[in-house]
1. Scan region 92-127 for residues that are assigned to a loop (DSSP other than H, G, I, E, B) and either at pLDDT below 95 or surrounded by 18 or more Cβ atoms within 10 Å (Cβ to Cβ) (or both) and jot them down.
2. What tally of residues in region 128-147 results from selecting those that are more than 17 Å from the chain's Cα centre (by Cα) and part of a loop (DSSP other than H, G, I, E, B)?
3. What do you reckon, is Gly29 on the phi > 0 side of the Ramachandran plot, surrounded by 18 or more Cβ atoms within 10 Å (Cβ to Cβ) and touching a residue at least 12 places away in the same chain (Cβ under 8 Å)?
4. Does Met15 count as loosely packed, with under 15 Cβ neighbours inside 10 Å and of a type in the set (A, V, I, L, M, F, W, C)?
5. Looking at (1) surrounded by 14 or more Cβ atoms within 10 Å (Cβ to Cβ); (2) among the polar types (S, T, N, Q); (3) touching a residue at least 40 places away in the same chain (Cβ under 8 Å), find the lone condition where Asn191 falls short.
6. Any residue at all in region 106-119 that is of a type in the set (Phe, Trp, Tyr) and either in contact with a Pro (Cβ under 6 Å, 6 or more places away or on another chain) or closer than 22 Å to Phe232 by Cα (or both)?
7. Cβ-Cβ under 6 Å, sequence separation 6+ or interchain: first residue in region 60-82 and touching a residue at least 60 places away in the same chain (Cβ under 8 Å) and of a type in the set (Asp, Glu), partner part of a helix (DSSP H, G or I) and crowded, with 16+ Cβ neighbours inside 10 Å. Which pairs?
Amino acid sequence: MRAIIYVFSGTGNTMRICSLYKEEFERNGVETTVYPVRANMVDLPDPEAFNLVGFAYPIHAFNAPEIMLDLARKIKAVSLKEYFILKSSGEPLKINNVSSLRFISILKKKGYVLKSEYHYVMPYNMIFRHTDREAIRMWKTAKALCPIEAREVLDGEEHKFPRMFLGRFVAWLFRIEQIAMRVNGRFFKVNPGKCVLCHKCEKACPTNNIHIDENGKFRFGKNCVMCTRCSFHCPMDAFKIGVLNGWRINGAYPLDIPADENAPESKHRHGWYCKKAYARYFAIADKKISENSINKEE
């Protein structure tokens with residue numbers, strides 16, 4: 001049995017989720033390919049060559065990123081092939097349920113049938129920085145939850161999010177972000193006093209939107225999807241990301257460092273943000289993880 005997950009991951013959160021699925025799939029004897037989606041898609045694997053097909057992406061303004069919509073348009077048409085969706089975001093708002101509607105609609109016309117969909121909360125790579133303890137809790141929860149839900153996918157269980165009133169309209173309305181980000185991407189700037197011309201940003205950009213000439217001058221195109229991979233991973237924190245620079249975050253979270261439960265939680269002015277939604281997300285996740293542990297013991 002073979003599986004493939006086509007994944008677009010900006011700063012690495014969604015790829016981490018896919019790695020957990022790959023690990024669980026292969027633990028159950030399923031050979032798994034994780035295909036990173038980039039703009040050219042010249043070597044796009046044939047979904048017909050796989051028994052299980054999945055798509056994964058970070059939620060951008062309550063939608064799938066534009067590059068994933070392009071993938072849906074370019075991927076080979078099939079005859080009634082089931083698939084699953086994995087998505088990540090920095091907040092567990094119910095409105096994120098609408099994020100896959102356009103993506104599902106495009107795939108449906110090409111013969112794909114949604115079987116299951118899962119959403120994981122991971123630390124923000126823009127807007128504001130979660131505290132290390134919050135980030136570690138998100139990743140710890142994902143590491144416990146993903147194997148459970150990966151087995152649900154293997155078992156063919158159906159898992160879909162409820163439709164929202166006016167959900168399709170909301171998703172359509174916020175799709176303006178895709179146009180706005182292409183424009184905003186042209187106004188990125190790099191501080192020459194900080195930049196060491198390591199070219200990491202140019203090589204990593206999934207849409208080939210960054211070009212550095214022989215004189216070290218940066219040129220930004222019109223294909224930015226605002227994944228912030230360039231600014232987030234810049235080792236010198238040299239980027240400014242246009243009009244959204246106030247939301248810029250630089251530097252990876254220490255996700256694999258065990259949190260000191262006795263250390264005082266650092267205070268930040270975003271402690272109120274989506275507080276009930278986060279509490280609900282972790283309560284539901286913890287219950288599912290706990291129930292799975294009890295079932296294993298029995």
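1. Here is the first cut: in region 92-127, the ones assigned to a loop (DSSP other than H, G, I, E, B) are 92-93, 109-111, 122-125, 127.
Answer for region 92-127, where residues must be assigned to a loop (DSSP other than H, G, I, E, B) and either at pLDDT below 95 or surrounded by 18 or more Cβ atoms within 10 Å (Cβ to Cβ) (or both): Pro92, Leu93, Met122, Pro123, Tyr124, Asn125, Ile127.
2. 1
3. Values: on the phi > 0 side of the Ramachandran plot: yes; surrounded by 18 or more Cβ atoms within 10 Å (Cβ to Cβ): no; touching a residue at least 12 places away in the same chain (Cβ under 8 Å): yes.
Considered against the rule, which asks whether it is on the phi > 0 side of the Ramachandran plot, surrounded by 18 or more Cβ atoms within 10 Å (Cβ to Cβ) and touching a residue at least 12 places away in the same chain (Cβ under 8 Å), Gly29 comes out as no.
4. Details: loosely packed, with under 15 Cβ neighbours inside 10 Å: no; of a type in the set (A, V, I, L, M, F, W, C): yes.
Judged against the criteria, Met15 is not a match.
5. (1)
6. Kept after step one, since they are of a type in the set (Phe, Trp, Tyr), are these residues of region 106-119: 112, 118.
Subsequent filtering for residues that are either in contact with a Pro (Cβ under 6 Å, 6 or more places away or on another chain) or closer than 22 Å to Phe232 by Cα (or both) retains none.
Taking every residue of region 106-119 in turn, none turns out to be of a type in the set (Phe, Trp, Tyr) and either in contact with a Pro (Cβ under 6 Å, 6 or more places away or on another chain) or closer than 22 Å to Phe232 by Cα (or both).
7. Close Cβ pairs satisfying both conditions: Glu66/Gln178.
The values are calculated or read from the model by the stated rules, or taken from the named source; none is laboratory data. None of the values given here were measured: they were computed from a predicted structure. In this analysis, Cβ positions are derived from the backbone assuming ideal geometry, glycine residues included, and neighbour counts consider all displayed protein chains.
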